[in-house]
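The values are calculated or read from the model by the stated rules, or taken from the named source; none is laboratory data. These numbers come from a predicted model, not from an experiment. Every residue, glycine as well, gets a Cβ built from its backbone with ideal geometry; the counts of neighbours run over all protein chains shown. Each accessible area value is taken on the protein alone, full model and side chains, heavy atoms only, with ligands, DNA and RNA left out. Shrake-Rupley method; radii C 1.70, N 1.55, O 1.52, S 1.80 Å.
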Amino acid sequence: MNIPKEKKPELNENVLKILKQSGIRKRKTMEIAGNQVTVVQEIEPDEKGRVWFDYSIFEQRDHEPAYYDMNTGRLYANNCGEAEYALAVNLVLTMQEAYSTDYCFVMCGNEVSCVNGYACLIEQLIGLKLSFPNREQVWDMLLFFKSKGCNDAETERSVWNNFPYGYGEPDLEQLLACMVCPNYLADEPEHPFRGKKAEICQVKTMERVYYIYELFQKLVESRGDEEVRGFLKDLLDQDLAGRERLAQKDDAFGCIAEVARYELPGYIVAAYGCAVKKPFWEIWFSLGIAGYRDIDRKEEDLDKSGDEESNPKQLAFFRALLREDEDEFLEYWDEEGLYLSKNMQENLDEWEQIYGAIDNAEAAGICTEAVLPQILKVMQSVWKCRLVDEKLVKDFMDHPDDIRYKKALWIFIKIIKEASEEDGADSVRIKLSGFASLLINPKGRWQLFGF
């Protein structure tokens, strides 16, 4: 992977946006009046430019510490699981692939991953439309895997099967070459070409390939395989102008060079391989060639009227996941609202009424430093709530004597006192986590409680 220096700031900014919106956080230990409490904090780069994280608020669980290096654009993460945390990591990997100038692909086992879904989600989350230029040159991508010793059929098929349509356009000539050349069997076409060299430009691809297959058979028999291989090594690394010069020869070699003006080198090797009855990749790598990319082709006038799309409306991560509800994530509550269950809607109405009815004198007796750590302990150890955000703890400890904050603690206490196993552990957890989440949403908190 290689991220150009000028692109790193943009990539870093987008990675941080994705991780934060994906609920990725870092655990932190805080002390409240001698009590140790574990909270989560938003991720930020440290003095070395490393962004450490180890917690997912959506999964409500910790993970093995991982980090993103803003200096290199690399991500270091293991044992990501299969839920929201893993999804966030895959979104980052997808962006790394898109930004890298070197070959770097998101993989799933032996297969190149289909990144359309990830790219679509990134676009919805932060409005970033990615492209994948390294996947557009499909033949080059296949050669990369073969050069690394990959002979897995699943990997080969995934190169073209999992192209991210909608986020790039594959080179169609290369795409067809990937699918045809390694498995070419020299089947005679319905209308085999046996015309003049000047007519080759008007012939279809498979007719050209079968035509030079027959030429190779004759050349190997008459001139010897060594001379033919020498010609191929020279031909297949020539640019278009060089191949045009070789095509001026008035013999079979000239005819093969003429075909090489219009077809990628894979087709030439495929025809030769069938003529000498040797596997395609054995011949390709034995020739030691890179292979030309420039061919003489007519550019089709493609209708691109449907390619331009208006930017899709950006979604929050929780909404893109299509959860049944977002009761525990009221920190994301905005003017569009959330998908709240009927129970949580009733809770919000109840909390608003309770808050307004709390007797100030009764709430004033609450000691914030003593009560807050006990609330957090019960939430985490008894009801298995997700870790609260450090912003909540700091906010309350910055206002230990503020009656408004004490009234919020009074509601916490009420929820815990009235909770029972009969309510169901999930129901209590969601209620407590939802209330804690609401308290770090300035707009939502103001709307209900006026502070």
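So the values come out like this:
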{"read-out": "For the stretch 1-145, size of Cβ-based charge dipole, Lys and Arg +1, Asp and Glu -1, in debye", "value": "220 debye"}
{"read-out": "Rg to Rh quotient for the stretch 335-451, alpha carbon positions, Kirkwood Rh", "value": "0.93"}
{"read-out": "Lys/Arg +1, Asp/Glu -1 at C-beta; the stretch 140-180 dipole; positive extreme among Asn151, Asn161, Met179", "value": "Asn151"}
{"read-out": "The stretch 114-273 - convex hull of the alpha-carbon atoms, volume per residue in Å³", "value": "142 Å³"}
{"read-out": "For the stretch 68-112, the fraction of alpha-carbon pairs in successive 10 Å shells from zero, as %", "value": "24, 58, 18"}
{"read-out": "Diffusion coefficient, µm² s⁻¹, Stokes-Einstein with Kirkwood Rh over alpha-carbon pairs of the stretch 3-87 at 20 °C and 1.002 mPa s", "value": "156 µm²/s"}
{"read-out": "Cross-link pairs Lys417/Lys443; Lys377/Lys417; Lys391/Lys414; Lys377/Lys443 - those with Cα-Cα distance over 24 Å", "value": "Lys417/Lys443; Lys377/Lys443"}
{"read-out": "Accessible surface, 1.4 Å probe, highest first, among residues Phe144, Phe329", "value": "Phe144, Phe329"}
{"read-out": "Two-decimal Rg to Rh for the stretch 54-179 - Kirkwood Rh, Cα set", "value": "0.99"}
{"read-out": "Scaled radius of gyration (Cα, divided by 2.2 N^0.38 Å) that the stretch 355-421 gives", "value": "1.10"}
{"read-out": "Stretchable slack from Ala364 to Thr29, in nm (0.36 nm times residue separation minus alpha-carbon distance)", "value": "117.8 nm"}
{"read-out": "Modelled FRET efficiency - R0 56 Å, Asp62 with Asp250, Cβ distances, 0.05 increments", "value": "0.15"}
{"read-out": "D_trans [Stokes-Einstein, Kirkwood Rh over alpha-carbon pairs] for the chain, 20 °C, 1.002 mPa s, µm² s⁻¹", "value": "80 µm²/s"}
